[in-house]
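As structure tokens, the structure follows; a few thoughts come after it.
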Amino acid sequence: MASLTLAPAAKTQEPLFTGNDWDFDTIRRIHEACEVEARALGLSWYPNQIEIITAEQMLDAYSSIGMPLFYKHWSFGKHFAQQEASYRRGHMGLAYEIVINSDPCISYVMEENSATMQTLVIAHAAFGHNHFFKNNYLFRQWTDAEGILDYLDFAKAYISRCEERYGQQAVEQVLDAAHALMSQGVHRYPRKKRPDLASEQRRERERQEHGEQIFNDLWRTLPAKTGAAKGDPALDRRRALLELPQENILYFLEKVAPRLRPWQRELLRIVRLVAQYFYPQRQTKVMNEGCATYVHYRIMNALSEKGLIDEAAYLEFLTSHTNVIRQPNFDDRSFGGHNPYALGFAMMQDIARIVEQPTEEDRAWFPQIAGIGDPMAVLRDCWENYRDESFIAQFLSPKLMRDMRLFHVVDDPDETELRVEAIHDERGYRKMRRSFARQYDVAWLDPDIEVVDVDLEGDRRLIVHHKALNRITLQKEDAKRVLQHLADLWGYDAVLKEVDPATGTVLVEHNASARPIFF
């Protein structure tokens, strides 16, 4: 891997390059030219670090979820072997780049790329993705771009030391279980500082004293409510101290699991923090790729207008760009859902159109932005303050729904036929937009699973609930395997109850007993 430190180069009116070949000086000139155009768009970004890597190194980055300095695990090697075999057979291509949300922002670019493709990926990753990482509220709230590389360096070294001291198998068992629970190892909302026992006791005394001070004997003359359920003070206290219910299962295990050793808790913490780091990316795929694609489109067109890339390079760019934003039809063999590049780029262009050349329909639907004349200001605000679900729910226009030929079809398993629920009218547009946005809402897509209780003074059985939205239960075999990992980490029996949130009825119950593999 070759590392490149970017420095300004002398400006030139000649094309940045001719032909497909490039060298490091060409990359510097490309970066400088893209930076000028990015500043003209009002973007802000972390300092850039560009790494030139081979195809094999790109495959290695794929296998370790695109992170440098990542710890070793057998599953990464399995993914590498599978992807390498597919690549060698021609069944899959490789990304032109991978970009890391860090400070400095690291962009991996393939050495096989032509000079035009290097220009495109620098505009796309080093300025488009980089701007989104730095400015979007989810990334500012949940990720530490300055500290992630140092933390990964620590995590890799720590896990290596654990393997040397406790054995590779013991470490892999913990990591296997933690990876199985990784999607349930994130905080979805900002949390208050966890109170300790002393503060809870002090607050309890304060509440009791306050109650005695405001006590009025006349309240005893009022008739008491009949049939009111009496709470269990001990149960309520235990749940409060354990912060139950708890949606972040890895966090709960790290802090509370009675039989885990300190190094095992640290492994859970490492996996949990990595999961939290990637949590914003799962919620912003359409916006992130849409932002980067729109930025590279604007930059490449600006370079072409200034003569900094020639017609051959511009045609090569258009070919690649068109392939990236291609949306296959539903009956196409390559159809796999909505292409986030296509949807994101189309929405960015549509917003720019509404801001600059609105129709009467646009003015009725988007009065705050229609015709204000500054598309980049509106887009920068979107990139900063929205995630996929809220962005689509707010900015998907009737025109774009018509262009994409969207309509809402209900597939009810209790009915023998499909039902068209919404068409292209005002009520239908709103219903389609809500339904389409919901497909990108992680709160709707991810199973709602949380720890609800455990009696540390009794049998220590861990009780976990899954709120089965619309009575949709988990896949039985997957639930059983993941629950086994949970029981192993907990060290005692675990039960998963799938509950209908509307009625409280238990639909399915899964049980697992801990295996003595960690202790």
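The values are calculated or read from the model by the stated rules, or taken from the named source; none is laboratory data. Here the structure is a predicted model, which is why all the values come from computation and not from measurement. As a convention, Cβ positions derive from the backbone with ideal geometry for all residues, glycine included, and neighbour counts pool all protein chains shown.
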Within region 487-519, residues being in contact with a strand residue (DSSP E or B) (Cβ under 9 Å, 6 or more places away or on another chain) and free of Cβ contacts under 8 Å to residues at least 12 places away in the same chain number 2
Wholly inside region 101-185, helices (runs of 4 or more DSSP H) that include 2 or more residues that are touching a Phe, Trp or Tyr at 6+ places or on another chain (Cβ under 6 Å) and within 30 Å of Glu32 (Cα to Cα) are 115-121, 130-135
When region 448-502 is checked residue by residue, the ones that are under 30 Å from Asp411 (Cα atoms) and among the basic types (Lys, Arg) are Lys467, Arg471, Lys476, Lys480, Arg481, Lys497
Selection status of Tyr137, over 15 Å from the mean Cα position of the chain (by Cα) and surrounded by fewer than 18 Cβ atoms within 10 Å (Cβ to Cβ): no
Going through region 481-500 in order, the residues found to be in contact with an Asp or Glu (Cβ under 8 Å, 6 or more places away or on another chain) and part of a loop (DSSP other than H, G, I, E, B) are Tyr492, Asp493
**Message:** Just checking, does region 157-170 include any residue being within 18 Å of Val274 (Cβ to Cβ) and surrounded by 18 or more Cβ atoms within 10 Å (Cβ to Cβ)?
**Reply:** yes
Those residues of region 360-407 which are farther than 24 Å from Gln281 by Cα and either of a type in the set (D, E, K, R) or not assigned by TED's automatic domain parsing to the domain that holds Met432 (or both) amount to Glu360, Glu361, Asp362, Arg363, Asp374, Lys399, Arg402, Asp403, Arg405
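For (1) modelled with pLDDT of 95 or more; (2) closer than 23 Å to Tyr440 by Cα; (3) not assigned by TED's automatic domain parsing to the domain that holds Asn130; (4) not small (Gly, Ala, Ser), each residue gets a yes or a no:
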position: Cys291; (1), (2), (3), (4): yes, yes, no, yes
position: Tyr294; (1), (2), (3), (4): yes, yes, no, yes
position: Gln327; (1), (2), (3), (4): no, yes, yes, yes
position: Asn339; (1), (2), (3), (4): no, yes, yes, yes
position: Phe345; (1), (2), (3), (4): yes, yes, yes, yes
position: Arg353; (1), (2), (3), (4): yes, no, yes, yes
In region 447-473, residues that are farther than 18 Å from Leu507 by Cα and not β-branched (Val, Ile, Thr) total 9
Selection over region 430-443 where residues are crowded, with 16+ Cβ neighbours inside 10 Å and outside any helix (DSSP H, G or I) yields a count of 2
Scanning region 14-32 for residues that are under 31 Å from the mean Cα position of the chain (by Cα) and touching a residue at least 60 places away in the same chain (Cβ under 8 Å) gives Ile27, Ile30, His31
Taking region 321-337 and keeping only residues that are closer than 25 Å to Gln439 by Cα and in contact (Cβ under 8 Å) with a residue 24 or more places away in the chain, one is left with Val324, Ile325, Gln327
Of the candidates Arg460, Arg419, Arg427, the one satisfying the condition of being basic (Lys, Arg) and surrounded by 13 or more Cβ atoms within 10 Å (Cβ to Cβ) is Arg460
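Conditions tested, residue by residue: (1) touching a Lys or Arg at 6+ places or on another chain (Cβ under 9 Å); (2) more than 30 Å from Arg471 (Cβ to Cβ); (3) in a helix (DSSP H, G or I).
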site: Thr322; (1), (2), (3): no, yes, yes
site: Gln327; (1), (2), (3): no, yes, no
site: Ile354; (1), (2), (3): yes, yes, yes
site: Ala377; (1), (2), (3): no, yes, yes
site: Lys399; (1), (2), (3): yes, yes, yes
site: Arg402; (1), (2), (3): no, yes, yes
Within region 15-58, the residues that are part of a loop (DSSP other than H, G, I, E, B) and over 17 Å from Met117 (Cβ atoms) are Leu41, Gly42, Leu43, Ser44, Trp45, Tyr46, Pro47
Only one of Glu14, Glu51 is at pLDDT below 95, surrounded by fewer than 13 Cβ atoms within 10 Å (Cβ to Cβ) and out of contact with any helix residue (DSSP H, G or I) (no Cβ under 8 Å at 6 or more places or on another chain), namely Glu14
